[in-house]
Amino acid sequence: MTAAVRVSTDEVPSGRRLAFWADQVCAQLLRVQVDTVGSLGEFNGSIERAPLQDLDVCRVRSGAQSVRRTQSMADEGSCETILFNIQREGISQVSQAGRTACLHPGDFTLISSARPCGLDFQASFEHTVLRVPAAELRGLLGRTELPFAQVMSGSGLPGRLLTQLADGVIAATPARSGDVETPDPQVSGHVRHALLHTLAALVVPHLPPASEPERRRGRNRLSAYHLARIHAVIEAHLGDPALDVEHIASFTRLSPSHIHRLFETEPATVAATIRRRRLQCCREQLADPAHAHRSISEIAFQCGFNQAAHFSRVFRQAFGMTPTEWRVRR
């Protein structure tokens, strides 16, 4: 479990708050366009993000605003992420896939990063947001199509458990690296497992009818199980520059060809997935004040890159700026 990211407009001059807030929403949650509703001078917002391997738990508090993710923004992403929004305070409208969900406190909904969407908040609000890998959630549920922008009540047992788990992860994540003893990766993995499976339990009653191919996949969850094992190996050995399909095969006791076949249903190849996770790891550490004393090259090498020039090039391709520019802007 790495240190939490906590950002706020409190210390930002009123004239710069919207630009600052838009940058932070894009950096911590999802690339979107943000416009305020009402007086800009009174606008405020804060984000707390607790990384849990490749699953993030975020708490968002903010004033009225309108948020849009365009088709071009959705097309830019190399790997789909599902945002699971829990309305804690206020009211919001979430639009995606031709549906609009009106969320009141205690309601939940799903959003895909791979599709355009809109979120409208006419007054101050608080959201808890879980960012989860889309392929893993689909594999767990055995469905391709998910109920995006559909209201799901959190009043039942899964909803209450998920809210408590998410709050607990944020509360337990240190504000700075070294504040608490780093949990064993296996412990973090079990907590991540609990969050993801509780989320799945909440979504299951709202799933559309399964197609015949999905029913066939549902009868055989072995592929989803092996994919989860592969992703766990990638997370555990991300810092090893030699990590590749052959290394993953040795840890999972699967053949390289079997691993490649499993990834035919994933949004990216094995190599692209490893590169994406390394870039995300670097981006998080470059934005973390706890790592401000470390050089960019040191961070890149720790996350598995072994050539500084190559790292800088792929970072810019992925995020539209150099690692130095990203660090300065954070």
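Some points to look at:
- Filter pass, I47 being touching a residue at least 12 places away in the same chain (Cβ under 8 Å) and within 30 Å of T269 (Cβ to Cβ): no
- Residue ID - modelled with the highest pLDDT, chosen from residues in region 169-186 that are open to solvent by 80 Å² or more (accessible area, probe 1.4 Å) and part of a helix (DSSP H, G or I): A171
- Criterion violated by S66 - all others in (1) closer than 20 Å to D23 by Cβ; (2) small (G, A, S); (3) open to solvent by 40 Å² or more (accessible area, probe 1.4 Å) satisfied: (3)
- Condition check for T324: under 22 Å from the mean Cα position of the chain (by Cα) and at pLDDT 90 or above: no
Condition check ((1) under 11 Å from I86 (Cα atoms); (2) under 16 Å from the mean Cα position of the chain (by Cα); (3) at pLDDT below 95) across all residues:
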residue	(1), (2), (3)
T109	yes, yes, no
Q122	no, no, yes
P133	no, yes, yes
R143	no, no, yes
G154	yes, no, yes
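Conditions (1) among the hydrophobic types (A, V, I, L, M, F, W, C); (2) loosely packed, with under 15 Cβ neighbours inside 10 Å; (3) assigned to a strand (DSSP E or B), marked per residue:
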position	(1), (2), (3)
R88	no, no, yes
S95	no, no, yes
L110	yes, no, yes
G118	no, no, yes
V132	yes, no, yes
E136	no, no, no
E145	no, yes, no
G159	no, no, no
D167	no, no, no
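- Residues located in region 73-113, provided they are β-branched (V, I, T) and within 16 Å of R160 (Cα to Cα): I86, T109
- Residue tally, condition open to solvent by 50 Å² or more (accessible area, probe 1.4 Å) and under 17 Å from the mean Cα position of the chain (by Cα), over region 42-63: 1
The values are calculated or read from the model by the stated rules, or taken from the named source; none is laboratory data. Note that the structure is predicted; figures quoted are calculated from it, not measured. Quick reminder, even Gly has a Cβ in these numbers, built from the backbone with ideal geometry, and neighbours come from all protein chains shown. We work out accessible area using only protein heavy atoms, side chains counted, and drop any ligands, DNA or RNA first. Shrake-Rupley method; radii C 1.70, N 1.55, O 1.52, S 1.80 Å.
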